[in-house]
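The values are calculated or read from the model by the stated rules, or taken from the named source; none is laboratory data. Quick caveat, the model's predicted, so the values are computed rather than measured. Cβ: placed from backbone, ideal geometry, glycine included. Neighbour counts: every protein chain shown. Protein only, heavy atoms only, side chains kept; ligands, DNA and RNA dropped before computing areas. Shrake-Rupley method; radii C 1.70, N 1.55, O 1.52, S 1.80 Å.
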Amino acid sequence: MKNHEFFYQIIALVAAVILVHLVYVTLIRPNADAILEARAEAAAQGEPFVVERSLYVVLRDYEQEFCFILGLWAMAIVGFKARNTLKERSLFERELVRVSEGISILPEDTREYARPLQALPHGLREQLLPRALLAALQRFSSTRNVQDVSESIRQVCAAESDRLDSELSIVRYIAWAIPSIGFIGTVRGIGNALGLAHEAVAGNIAGVTENLGVAFNSTFVALVISILVMFLVHQVQLVQERLVFDTQNYCDQQLVRHMQVR
């Protein structure tokens, strides 16, 4: 499962690089260059013109392209984790442990109730709900203590919660890296603008304004993408937390309350 997710992330990154670069090469940069050339020709001829803010020009630089690549990669990872979480939630609709109302589970009965869980396919058996149920039955069989059973369920759920949170660290890193890349574009643009200060003193401010545009555009795009990525991260984290909480409630309602010691 871990290798599968690792390969998915690598493939998603490669796909994001190819897709975003293809859009930039075929659509964004050609249109942006055409708009900038038209502005330069109009300024050279002294013709009056209105500078309209163009989305192509805003997105044209390499920092924005890299931000889009990272943003698309983060969205792919978040989508993969959300899909896995929703798939695990579907187990709540299955009757993994068949306990009729009014029936008590004794420590001697745990092996019978554990067999259906142990017979599940490996992929399903490794998911949170079957693992929590199986851990509860095994603890009840060995300790004959209902309080220990509740504690074992909490331990399994807490460990799963920590694991899910740690696996989101790569997405949080990407969400931090995107504004940093935008800031790099800001520094680059301001540095280039300062290098052309002598032209601005001579009356030609075209180079300075163009580079200042690079500075502000890269920060603007990076912040917008970062906001979107962080929103998706918090949404998938909420779904994961609900999965852990609902798993604990499911075990308490469907299993623990039926356990009884003679």
With the condition kept exactly as written, say whether any residue in the stretch 16-38 is hydrophobic (A, V, I, L, M, F, W, C), surrounded by fewer than 13 Cβ atoms within 10 Å (Cβ to Cβ), modelled with pLDDT under 85 and out of contact with any Phe, Trp or Tyr (no Cβ under 6 Å at 6 or more places or on another chain). yes
Can you pull out every residue in the stretch 155-183 that is among the charged types (D, E, K, R) and under 18 Å from Glu88 (Cβ atoms)? Glu160, Asp162, Arg163, Asp165, Glu167
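Quick one: how many residues across the stretch 124-150 are touching a residue at least 12 places away in the same chain (Cβ under 8 Å) and in a helix (DSSP H, G or I)?
Going through the stretch 124-150, the residues touching a residue at least 12 places away in the same chain (Cβ under 8 Å) turn out to be 124, 126-141, 144-146, 149-150.
So of that shortlist, the ones also in a helix (DSSP H, G or I) come out as 124, 128-141, 146, 149-150.
Residues flagged as touching a residue at least 12 places away in the same chain (Cβ under 8 Å) and in a helix (DSSP H, G or I) within the stretch 124-150 amount to 18.
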Within the stretch 165-189, which residues are surrounded by 15 or more Cβ atoms within 10 Å (Cβ to Cβ) and either among the β-branched types (Val, Ile, Thr) or in contact with a Ser or Thr (Cβ under 6 Å, 6 or more places away or on another chain) (or both)? Val171, Ile174, Ala175, Ile178, Pro179, Ile181, Gly182, Ile184, Gly185, Thr186
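Just give me the residues in the stretch 83-140 being open to solvent by less than 60 Å² (accessible area, probe 1.4 Å) and either of a type in the set (S, T, N, Q) or on the phi > 0 side of the Ramachandran plot (or both), in sequence order. Even if it seems obvious, please write down each step before you answer.
Within the stretch 83-140, the subset open to solvent by less than 60 Å² (accessible area, probe 1.4 Å) is 84-85, 88, 90-92, 96-97, 99, 104-107, 109-110, 113-114, 116-117, 120, 123-124, 127-130, 132-137, 140.
Those that are open to solvent by less than 60 Å² (accessible area, probe 1.4 Å) and either of a type in the set (S, T, N, Q) or on the phi > 0 side of the Ramachandran plot (or both): Asn84, Thr85, Ser90, Ser104, Thr110, Gln127.
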All-but-one check, Glu52 against (1) modelled with pLDDT under 85; (2) touching a Gly at 6+ places or on another chain (Cβ under 7 Å), failing number (2)
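To keep it simple, each residue is scored yes or no on (1) at pLDDT 90 or above; (2) farther than 30 Å from Thr247 by Cβ.
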{"position": "Ile174", "(1), (2)": "yes, no"}
{"position": "Pro179", "(1), (2)": "yes, yes"}
{"position": "Thr186", "(1), (2)": "no, yes"}
{"position": "Ala202", "(1), (2)": "no, yes"}
{"position": "Thr209", "(1), (2)": "no, yes"}
{"position": "Thr219", "(1), (2)": "no, yes"}
